[in-house]
1. Among the numbered criteria (1) part of a helix (DSSP H, G or I); (2) without any contact (Cβ under 8 Å) to a residue 40 or more places away in the chain, which single criterion is violated by residue 60?
2. Does residue 45 fit the bill of being within 9 Å of the ligand (Cβ to nearest atom), under 19 Å from the mean Cα position of the chain (by Cα) and crowded, with 17+ Cβ neighbours inside 10 Å?
3. Just the residues that are more than 12 Å from the ligand (Cβ to nearest atom) and touching a His at 6+ places or on another chain (Cβ under 6 Å), please, taken from segment 222-241.
4. Residue 116 versus (1) under 15 Å from residue 157 (Cβ atoms); (2) touching a residue at least 12 places away in the same chain (Cβ under 8 Å); (3) surrounded by fewer than 24 Cβ atoms within 10 Å (Cβ to Cβ): which is the lone unmet condition?
5. Does residue 127 meet the test of being under 19 Å from the mean Cα position of the chain (by Cα), surrounded by fewer than 23 Cβ atoms within 10 Å (Cβ to Cβ) and under 24 Å from residue 217 (Cβ atoms)?
6. Somewhere in segment 101-112, is a residue buried (at least 23 other Cβ atoms within 10 Å of the Cβ), in contact (Cβ under 8 Å) with a residue 24 or more places away in the chain and either touching a strand residue (DSSP E or B) at 6+ places or on another chain (Cβ under 6 Å) or on the phi < 0 side of the Ramachandran plot (or both)?
7. Looking at (1) touching a helix residue (DSSP H, G or I) at 6+ places or on another chain (Cβ under 7 Å); (2) not in a helix (DSSP H, G or I), which is the only condition residue 235 fails?
8. State the number of residues belonging to segment 7-29 that are away from the ligand (no atom under 16 Å from the Cβ) and open to solvent by less than 20 Å² (accessible area, probe 1.4 Å).
Amino acid sequence: MTTCPDLNNKTAVITGASRGIGEATARHLASLGAHVVLAARSADAINRIAAEILDAGGKAHALATDVADDNAVAKLIATTVDATGRLDLLVNNAGLIDPIFRIADSDPTAWGNIIDVNIKGVYHGLRHAMPVMAGQDSGGTIVNISSGAANSALEGWSHYCASKAAVQRLTGVAHKEAHGSGVRVFGLSPGTVATEMQRQIRASGINPVSQIPWESHITPDWVAKAIAFLTTPDADKWLGTDFSLKVEEGRAAVGMAS
Ligand code: NJP
């Protein structure tokens, strides 16, 4: 029997909250009582989703943020603390895979843009959230969205595989640096999820992931439930590592049928 996540009076920042996994996570955490702060570049989308959460009786803010910009992430964290008085959960979810290309055909600027978002975006979030959480009696939790691509090489995904491997290592380092001050850091490998990113992968036709039948992808709300689970002490055995929804133990922990 796992502990039920209780996020009443907690504040959660979710990056990449304008659609997909981030949107589902914002809605789910708000339903568990969290004050959610939605961040992404698409201001219209996050404002709309935040308004819908408010209409449903939840607590939400939206702040247009490019996670590749360290100053913007600093502002996101500072504004969150000003508005709600605390920061209990950061979900470093914003990520890109498109354009998908083989190394020889790749464009260095586009390649570097993925690195700026997928690696540096996570680093920026860690850098600004860890001191705030360490300064709170109750500490905090950070979830970095990882991928199976952190541990496997896939054609056309050089930027994505390299970036997710780096995120996995960032998770381990951040855990070692911060767990003594009450900051819990996890990676989360969701498996394949029915979002815009999978549409882009399918359209590329490049590697076996692009051939996976759409019905095999899980829905984003399972990832949202996994993130809520990681806020509970039952998840502590995964500290500093990737919790995976592709393995039976992870699926069972969040109540997914195998
Ligand atoms: O992707 P998608 P997912 N600053 O494309 C935002 C990982 N993952 O939900 O800025 C701030 O629907 C973008 O918002 P906008 C994946 O690597 C997925 O599937 O307005 N935000 C949008 O909200 C990623 O880390 C699968 O364009 C930025 C969001 O990111 C996470 O899950 C499997 C941004 C992307 O939404 C969410 O991906 C896996 C920036 N610079 C890992 N750039 C999967 N779907 O199968 C982008 O193992 N965003």
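The values are calculated or read from the model by the stated rules, or taken from the named source; none is laboratory data. This one's a predicted model, so the numbers in the text were calculated from it and none came from an experiment. Every residue, glycine among them, receives a Cβ derived from its backbone with ideal geometry; neighbour counts consider all protein chains shown. Surface accessibility is based on the protein's heavy atoms, side chains included, excluding ligands, DNA and RNA. Shrake-Rupley method; radii C 1.70, N 1.55, O 1.52, S 1.80 Å.
1. The single condition residue 60 does not satisfy is (1).
2. Taking the combined requirement at face value, the residue satisfies it.
3. 239, 240
4. Going through (1) under 15 Å from residue 157 (Cβ atoms); (2) touching a residue at least 12 places away in the same chain (Cβ under 8 Å); (3) surrounded by fewer than 24 Cβ atoms within 10 Å (Cβ to Cβ) one by one, residue 116 breaks only (1).
5. No.
6. No, segment 101-112 contains no residue that is buried (at least 23 other Cβ atoms within 10 Å of the Cβ), in contact (Cβ under 8 Å) with a residue 24 or more places away in the chain and either touching a strand residue (DSSP E or B) at 6+ places or on another chain (Cβ under 6 Å) or on the phi < 0 side of the Ramachandran plot (or both).
7. Here residue 235 clears every test but (2).
8. Qualifying residue count for the region: 2.
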